[in-house]
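Read the structure below first, then the notes.
The values are calculated or read from the model by the stated rules, or taken from the named source; none is laboratory data. These numbers were taken from a predicted model, which means no experiment stands behind them. Reconstructed Cβ throughout: ideal geometry from the backbone, glycine too, with neighbour counts over all protein chains shown. Remember, those area values only see protein heavy atoms, side chains included, never the ligands or the DNA or RNA. Shrake-Rupley method; radii C 1.70, N 1.55, O 1.52, S 1.80 Å.
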Amino acid sequence: MSDRWYKKAVVYCLDIDTFADANGDGIGDIRGLIGRLDYLARLGVTCLWLNPIHPSPDRDDGYDVADFYNVDPRFGTLGDFAELLHQANSLGIKVVIDLVVNHTSDQHPWFQSARSSPDSPYRNWYVWSESAPADRHQGMVFPGEQGETWSYDRTAKAWYYHRFYKFQPDLNIKNPQVRDEIKRICAFWIQLGVAGFRMDAVPFIIEETEPGNPDSPKDLDFLTDLRQYLQWRRGDVVLLAEANVEPDQLVKFFGDAGGSNSRIHMLFDFMLNTKLMLALARQDPEPIIEALRETPKLPAGGQWATFLRNHDEVDLSRLTADQRAQAFEVFGPSPEMQLYGRGIRRRLAPMLGNDRRWIELAYSLQFSLRGTPVLRYGEEIGMGDDLALEGRDAIRTPMQWSHLDHGGFTSGTPVRPVIAEGEFGYHRVNVTEQRHDPKSLLSWFERMIRTLREAPEIGAGTCTHIDVPVPEGVLVHRADDVTGTMLFLHNLCTKDAVVDLSSVYSEAESPNDVLADREYPDLGKFAEVPVAGHGYRWIRLRRCS
């Protein structure tokens, strides 16, 4: 892979505690993950993104960190983690870990010291106010679960800021010592061999919170400073950031006003994700076309990371109320399927009614649009969700490996229940069964990812909507780079369609389908190109030697 390896990567996201348990204690561990690396390599994964790995009271699924320089003992040891990095590297898989430095756990020694005395050396590592800030009931990330963003600490005799839960006090990014410590944390893990970091809640990391000011300033220059520091430590290090901000603010996270990619390498494409969901709900490609048209131009080296499902709810907050209602009606009509009034806490397969053609269409869309694809564990076999679990835990159930007890995840009592009943139960949905079925969803994903890796134009090139007259529901787009051109057709509705693409025929050099939902007739001169309902076609238009 090139120095900008992230542009051609296939990223796979997982929680260690729900992936594979090697010692039978019911909690997934690093040794279990090492034992499944061959599975990931066969799938075509080139980058592994691990959700929080650090010691934690685990009140927020590990996002309440108590020690940034160690591995949660439930998962294993630092030695185990070093072995994971070695084994992954031998298979050509880079490892990226979550960097959760907007806040710490309230059990972190830094906070315990900070609250103990105004003279503590860690007092100014957090954000305090002597009186109740006027804006303390604003800015909650989890409506209905949070009542405020400032809480009073009786020991400290002061109010402390927490953008998230009250047991997650925010670090004070204005403090140079905090900035230096974040760099040291990153340097430690880079020295061990991680390839980069998925930065959690970046807009809040750089927020220089001022009590009573709900619109506190953000220091984007810290991202420039961090990027420069890390690249001296490892030249090909990557920062992948979560920044669900307004479209006109996105480019600022990639680089400064000079136009260089001097800050974050990759941003999750929340805008495209939201529009994709709306387009699938309406069976109309127009929202995707709109997203492609409105995408800001990125500096050279900048990249989007695309996704359909991740470890959180589907976030529909940037849709209008009417659009959000449409998506809820199709994908999450029951209140128990919804979360925070803005999201859907379901996996994709149940959202799409376990319709295999619809699932393939959705992932074909994601993987063929611009950016680096990110795949959540279990999506490749069509896992379901458990709405009996609280909040986001519904989509964080253990991986289903086989017909064995608890889906082969563990020989003990699982950390969360494995889905056992119904059409998504592990007896019906598991890796082993799909491994032996060449027509399974897992086999399709392997084939699709192999095709993607033979088409570098998708990740590294330009992505353009082809504006020609098309039947209802059809999207036509192309990817171009120095390696050649790919042409894509996707039919979001259930009616078969025929598209006249003769306008692009002059560019064709031995065109052929490299991936499609079925066998189609010869393309001819592109005057009549058929695509079935919920069908798709990846066409190699030309290849440059």
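For region 201-218, which residues satisfy the criterion of being touching a strand residue (DSSP E or B) at 6+ places or on another chain (Cβ under 6 Å), touching a residue at least 12 places away in the same chain (Cβ under 8 Å) and either open to solvent by less than 60 Å² (accessible area, probe 1.4 Å) or part of a loop (DSSP other than H, G, I, E, B) (or both)?
So in region 201-218, the residues touching a strand residue (DSSP E or B) at 6+ places or on another chain (Cβ under 6 Å) come out as 202, 206-207, 209, 211, 216, 218.
Filter once more, so that each one left must be touching a residue at least 12 places away in the same chain (Cβ under 8 Å): 202, 206-207, 209, 211, 218.
Correct list: VAL202, ILE206, GLU207, THR209, PRO211.
Kindly indicate which of GLU329, GLU380, GLU336 is charged (D, E, K, R), more than 19 Å from LYS275 (Cβ to Cβ), in a helix (DSSP H, G or I) and open to solvent by 10 Å² or more (accessible area, probe 1.4 Å).
Step by step, each of GLU329, GLU380, GLU336 is checked, and only GLU336 is charged (D, E, K, R), more than 19 Å from LYS275 (Cβ to Cβ), in a helix (DSSP H, G or I) and open to solvent by 10 Å² or more (accessible area, probe 1.4 Å).
When you scan region 290-310, how many residues do you find that are closer than 30 Å to TRP5 by Cβ and either surrounded by fewer than 17 Cβ atoms within 10 Å (Cβ to Cβ) or of a type in the set (S, T, N, Q) (or both)? Outline the logic, then answer.
Quick first cut of region 290-310, residues closer than 30 Å to TRP5 by Cβ only: 291-310.
Within this subset, residues satisfying the condition of being either surrounded by fewer than 17 Cβ atoms within 10 Å (Cβ to Cβ) or of a type in the set (S, T, N, Q) (or both) are 293-297, 299-301, 303, 306, 310.
Adding up the residues that qualify gives 11.
Being outside any strand (DSSP E or B), of a type in the set (A, V, I, L, M, F, W, C), more than 18 Å from ARG376 (Cα to Cα) and at pLDDT 95 or above, is that true of even one residue in region 396-417? Steps first, answer last, please.
Residues of region 396-417 that are outside any strand (DSSP E or B), as a first pass: 396-417.
Restricting the remaining residues to those that are of a type in the set (A, V, I, L, M, F, W, C) gives 399, 401, 404, 409, 415.
If we keep only those that are more than 18 Å from ARG376 (Cα to Cα) too, we end up with 404, 415.
The next check asks that each one be at pLDDT 95 or above; those that pass are 404, 415.
Checked region 396-417: at least one residue is outside any strand (DSSP E or B), of a type in the set (A, V, I, L, M, F, W, C), more than 18 Å from ARG376 (Cα to Cα) and at pLDDT 95 or above.
Kindly evaluate GLY26 against the criterion of being under 22 Å from the mean Cα position of the chain (by Cα) and open to solvent by less than 50 Å² (accessible area, probe 1.4 Å). I'd like the intermediate steps shown before the answer.
Working: under 22 Å from the mean Cα position of the chain (by Cα): no; open to solvent by less than 50 Å² (accessible area, probe 1.4 Å): yes.
It is false that GLY26 is under 22 Å from the mean Cα position of the chain (by Cα) and open to solvent by less than 50 Å² (accessible area, probe 1.4 Å).
Does ARG478 count as touching a Ser or Thr at 6+ places or on another chain (Cβ under 8 Å) and either of a type in the set (Lys, Arg) or part of a loop (DSSP other than H, G, I, E, B) (or both)? Let's see the steps before the verdict.
On the way: touching a Ser or Thr at 6+ places or on another chain (Cβ under 8 Å): yes; either of a type in the set (Lys, Arg) or part of a loop (DSSP other than H, G, I, E, B) (or both): yes.
Taking the combined requirement at face value, the residue satisfies it.
Restricting to region 239-273, what's the tally of residues that are open to solvent by 10 Å² or more (accessible area, probe 1.4 Å), closer than 17 Å to GLY343 by Cα and in a helix (DSSP H, G or I)?
2
Could you check region 280-319 and list, in sequence order, the residues that are in contact with a helix residue (DSSP H, G or I) (Cβ under 6 Å, 6 or more places away or on another chain), under 22 Å from PHE253 (Cβ atoms) and part of a helix (DSSP H, G or I)?
Within region 280-319, ALA291 is the sole residue that qualifies.
Of the residues that sit in region 316-327 and are at pLDDT 95 or above and charged (D, E, K, R), which one is nearest to ASP98 (Cα to Cα)?
ARG324
Can you confirm whether GLY32 is part of a helix (DSSP H, G or I), open to solvent by less than 20 Å² (accessible area, probe 1.4 Å) and either touching a Cys at 6+ places or on another chain (Cβ under 8 Å) or not acidic (Asp, Glu) (or both)?
On the way: part of a helix (DSSP H, G or I): yes; open to solvent by less than 20 Å² (accessible area, probe 1.4 Å): yes; either touching a Cys at 6+ places or on another chain (Cβ under 8 Å) or not acidic (Asp, Glu) (or both): yes.
So GLY32 passes the test.
Every residue in region 462-475 that is among the aliphatic types (A, V, I, L, M) and part of a strand (DSSP E or B), please. Let's see the steps before the verdict.
Let us first name the residues in region 462-475 that are among the aliphatic types (A, V, I, L, M), namely 466, 468, 470, 474-475.
The answer is VAL474, LEU475.
May I ask you to say which residue of ARG198, ARG227 is in a helix (DSSP H, G or I), under 29 Å from VAL95 (Cβ atoms), charged (D, E, K, R) and touching a residue at least 12 places away in the same chain (Cβ under 8 Å)?
Result of the check over ARG198, ARG227: ARG227.
For LEU501, state whether it is within 27 Å of the chain's Cα centre (by Cα), free of Cβ contacts under 8 Å to residues at least 60 places away in the same chain and crowded, with 21+ Cβ neighbours inside 10 Å.
Working: within 27 Å of the chain's Cα centre (by Cα): no; free of Cβ contacts under 8 Å to residues at least 60 places away in the same chain: yes; crowded, with 21+ Cβ neighbours inside 10 Å: yes.
The answer is no for LEU501.
Residue-wise test of (1) of a type in the set (Asp, Glu); (2) under 18 Å from the mean Cα position of the chain (by Cα); (3) at pLDDT below 95; (4) farther than 23 Å from CYS13 by Cα.
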| position | (1), (2), (3), (4) |
| --- | --- |
| VAL314 | no, yes, yes, no |
| GLU329 | yes, no, no, yes |
| GLY341 | no, no, yes, yes |
| ILE344 | no, yes, no, no |
| ALA349 | no, yes, no, no |
| LEU361 | no, no, no, no |
| ARG376 | no, yes, no, no |
| ILE381 | no, yes, no, no |
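Exactly one of these conditions fails for ILE53: (1) under 19 Å from TYR377 (Cβ atoms); (2) part of a loop (DSSP other than H, G, I, E, B); (3) open to solvent by 20 Å² or more (accessible area, probe 1.4 Å); (4) not aromatic (Phe, Trp, Tyr). Give me its number.
The one condition ILE53 does not meet is (3).
Determine which single condition ASP496 fails, assuming it passes every other condition in (1) closer than 18 Å to ARG293 by Cα; (2) modelled with pLDDT of 95 or more; (3) not hydroxyl-bearing (Ser, Thr, Tyr).
Only one criterion in (1) closer than 18 Å to ARG293 by Cα; (2) modelled with pLDDT of 95 or more; (3) not hydroxyl-bearing (Ser, Thr, Tyr) is unmet by ASP496, namely (1).
Regarding region 352-362, can at least one residue be identified that is touching a strand residue (DSSP E or B) at 6+ places or on another chain (Cβ under 9 Å), open to solvent by 10 Å² or more (accessible area, probe 1.4 Å), within 21 Å of PHE268 (Cβ to Cβ) and not in a loop (DSSP other than H, G, I, E, B)? Talk me through it step by step, then tell me what you get.
Keep residues of region 352-362 that are touching a strand residue (DSSP E or B) at 6+ places or on another chain (Cβ under 9 Å), which gives 360-361.
Subset that is open to solvent by 10 Å² or more (accessible area, probe 1.4 Å): 360.
Then drop every residue that is not within 21 Å of PHE268 (Cβ to Cβ), which leaves none.
Looking for residues that are touching a strand residue (DSSP E or B) at 6+ places or on another chain (Cβ under 9 Å), open to solvent by 10 Å² or more (accessible area, probe 1.4 Å), within 21 Å of PHE268 (Cβ to Cβ) and not in a loop (DSSP other than H, G, I, E, B), one finds none in region 352-362, hence no.
What are the residue pairs meeting all of these: first residue in region 508-524, first residue in a strand (DSSP E or B), second residue open to solvent by 40 Å² or more (accessible area, probe 1.4 Å) and charged (D, E, K, R), Cβ atoms under 8 Å, and 6 or more apart or on different chains?
Correct list of pairs: VAL514/GLU454; LEU515/ARG447.
Each row is one residue, and each column tells you yes or no for (1) under 26 Å from GLU379 (Cα atoms); (2) of a type in the set (D, E, K, R).
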residue	(1), (2)
GLY459	yes, no
CYS463	yes, no
VAL468	no, no
ASP481	no, yes
ALA497	no, no
SER502	no, no
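Which of the residues spanning region 113-139 are within 27 Å of LEU226 (Cα to Cα) and free of Cβ contacts under 8 Å to residues at least 12 places away in the same chain? I'd like the intermediate steps shown before the answer.
First pass over region 113-139, keeping only residues within 27 Å of LEU226 (Cα to Cα): 113-114, 120-128, 139.
Correct list: SER113, SER120, PRO121, ARG123.
Identify all residues within region 64-74 that are open to solvent by 10 Å² or more (accessible area, probe 1.4 Å) and not charged (D, E, K, R); write none if there are none.
Step one: list which residues in region 64-74 are open to solvent by 10 Å² or more (accessible area, probe 1.4 Å), which gives 66-67, 69-70, 73-74.
Listed by number, the residues that qualify are ALA66, TYR69, ASN70, PRO73.
Looking at LEU85, LEU48, LEU40, can you tell me which residue is open to solvent by less than 10 Å² (accessible area, probe 1.4 Å) and in a helix (DSSP H, G or I)?
Result: LEU40 is the single residue among LEU85, LEU48, LEU40 that is open to solvent by less than 10 Å² (accessible area, probe 1.4 Å) and in a helix (DSSP H, G or I).
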